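Participant: This is the structure I have questions about; it appears just below.
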Amino acid sequence: MIIGIHMSDKHKLQQEMSNANSRYSSLIDAAFDAIITMDGKQNIQFFNHAAENTFGYSADEVIGKSITKLMQKKFRPNHSDYIKQFTDSDIQSRDMSSRVMIMAVKKDNTEFPVEITISKISVNGKIEFTTIIRDLSNRIAFIEKLQHQVNTDNLTGLYNRNYFNSKLKDIYHQYKRFGHSFCVLMLDLDRFKMVNDSYGHLIGDKVLQEFSKKVQQVLREVDLLARFGGEEFIVLLPNTKLEAAKDVADRIRKRVSKQRVLSQNHEPVTFTVSIGVAEIGTDDEKESIIKLADEALYRAKNNGRNRVSD
């Protein structure tokens with residue numbers, strides 16, 4: 001009778017353990033993040049469904065294989081040293097040692113950003129590791145999209161005033177540190193209100209877009225063109241002296257004066273630009289150069305428009 005009771009208790013315990021394991025497996029497989037367990041040699045022992053979807057491998061393809069299979073090649077040689085340091089560290093069992101962002105590699109060799117959390121635990125006297133991996137591709141793409149929206153002008157696709165000011169600050173610090181001079185061009189489309197009034201805002205928008213393209217064609221990759229507001233634009237020319245900046249401005253002026261945009265009635269719409277040029281001075285603050293360029297632009301307008309002035 002006693003033996004029967006013991007057997008019944010043992011069976012009940014085994015059943016409870018089986019149920020617990022089933023619940024654990026279901027939970028792990030239903031997880032949103034990739035979950036991978038490895039033995040002390042970093043060979044994969046478990047690969048959940050999210051891991052299969054994330055990396056493109058089936059569990060059968062990677063079980064028993066090294067976790068380095070999922071890493072960029074440049075990180076593989078140092079992985080063993082990192083794991084040894086982690087194993088020998090005083091970090092408590094089950095505590096996460098770090099949360100870092102790196103690039104992982106899919107089955108098709110596509111690299112993608114992931115956030116990794118790794119933990120260690122002793123099982124029957126042997127260290128095992130559990131890694132939780134979150135694919136950051138969508139998050140980073142979303143953040144980049146938001147940054148793009150914050151930093152750019154919707155109509156022209158150019159950078160906006162806020163972004164320009166942040167870059168001007170960077171260039172100014174470089175100037176103060178290394179003495180590399182820079183210039184600013186302030187550009188304003190002549191009689192733009194007349195274009196809007198005569199042909200409508202759709203054509204006015206098209207003029208702004210075509211103007212932006214023409215200016216960009218003259219500039220170097222290191223130069224920065226931004227829409228400053230309305231029909232006013234601004235250019236940052238790093239490592240540029242005044243005479244060179246005036247030459248750039250005149251090339252922009254000439255190119256723009258040759259541009260034509262067709263109205264809705266197929267009538268050619270012409271437009272010109274006035275440009276003020278300023279070079280940073282020894283005692284100037286970064287805001288001063290914008291004021292100087294704006295004053296030069298005012299002189300260009302007063303001198304008859306379609307002019308470059310400094």
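The values are calculated or read from the model by the stated rules, or taken from the named source; none is laboratory data. All of these numbers come straight from a predicted model, not from anything done at the bench. For neighbour counting, all protein chains shown are included, and Cβ atoms are generated from backbone atoms with ideal geometry for every residue, glycine included.
Participant: Please enumerate the residues belonging to the range 86-121 that are of a type outside the set (A, V, I, L, M, F, W, C), more than 32 Å from the chain's Cα centre (by Cα) and at pLDDT 80 or above.
Facilitator: LYS120
Participant: Still on this structure, I have one more. Is there a residue being touching a Ser or Thr at 6+ places or on another chain (Cβ under 7 Å) and either under 25 Å from ASN162 (Cα atoms) or in contact (Cβ under 8 Å) with a residue 12 or more places away in the chain (or both) anywhere in the range 244-255? Break it down stepwise before answering.
Facilitator: Keep residues of the range 244-255 that are touching a Ser or Thr at 6+ places or on another chain (Cβ under 7 Å), which gives none.
So far as the range 244-255 goes, no, none of its residues is touching a Ser or Thr at 6+ places or on another chain (Cβ under 7 Å) and either under 25 Å from ASN162 (Cα atoms) or in contact (Cβ under 8 Å) with a residue 12 or more places away in the chain (or both).
Participant: Does the range 160-184 hold any residues that are out of contact with any helix residue (DSSP H, G or I) (no Cβ under 6 Å at 6 or more places or on another chain), of a type in the set (Ser, Thr, Tyr) and surrounded by 13 or more Cβ atoms within 10 Å (Cβ to Cβ), and which are they?
Facilitator: Scanning the range 160-184 gives TYR175, SER181.
Participant: Let me ask you something else. Tell me which residues, restricted to the range 123-159, are surrounded by 11 or more Cβ atoms within 10 Å (Cβ to Cβ), not in a helix (DSSP H, G or I) and not β-branched (Val, Ile, Thr).
Facilitator: Within the range 123-159, GLU128, PHE129, ARG134, ASP135, LEU136, ASP153, LEU155, GLY157, LEU158, TYR159 qualify.
Participant: Quick one: which helices (runs of 4 or more DSSP H) lie wholly within the range 193-308 and hold at least 3 residues that are within 27 Å of the chain's Cα centre (by Cα), assigned by TED's automatic domain parsing to the domain that holds ASN165 and of a type outside the set (A, V, I, L, M)?
Facilitator: 201-218
Participant: What is the residue count in the range 115-158 for residues that are within 30 Å of ALA59 (Cβ to Cβ) and either hydroxyl-bearing (Ser, Thr, Tyr) or touching a helix residue (DSSP H, G or I) at 6+ places or on another chain (Cβ under 8 Å) (or both)? Don't jump to the end; show me each part of the working.
Facilitator: Filtering the range 115-158 for residues within 30 Å of ALA59 (Cβ to Cβ) gives 115-142.
When the remaining residues are screened for being either hydroxyl-bearing (Ser, Thr, Tyr) or touching a helix residue (DSSP H, G or I) at 6+ places or on another chain (Cβ under 8 Å) (or both), the result is 117-120, 122, 127, 129-131, 133, 135, 137.
Residues meeting the conditions: 12.
Participant: Which is surrounded by 20 or more Cβ atoms within 10 Å (Cβ to Cβ), at pLDDT 95 or above and hydrophobic (A, V, I, L, M, F, W, C), of PHE233, PHE271?
Facilitator: Working: PHE271 fails: at pLDDT 95 or above.
Being surrounded by 20 or more Cβ atoms within 10 Å (Cβ to Cβ), at pLDDT 95 or above and hydrophobic (A, V, I, L, M, F, W, C) holds for just one of PHE233, PHE271, which is PHE233.
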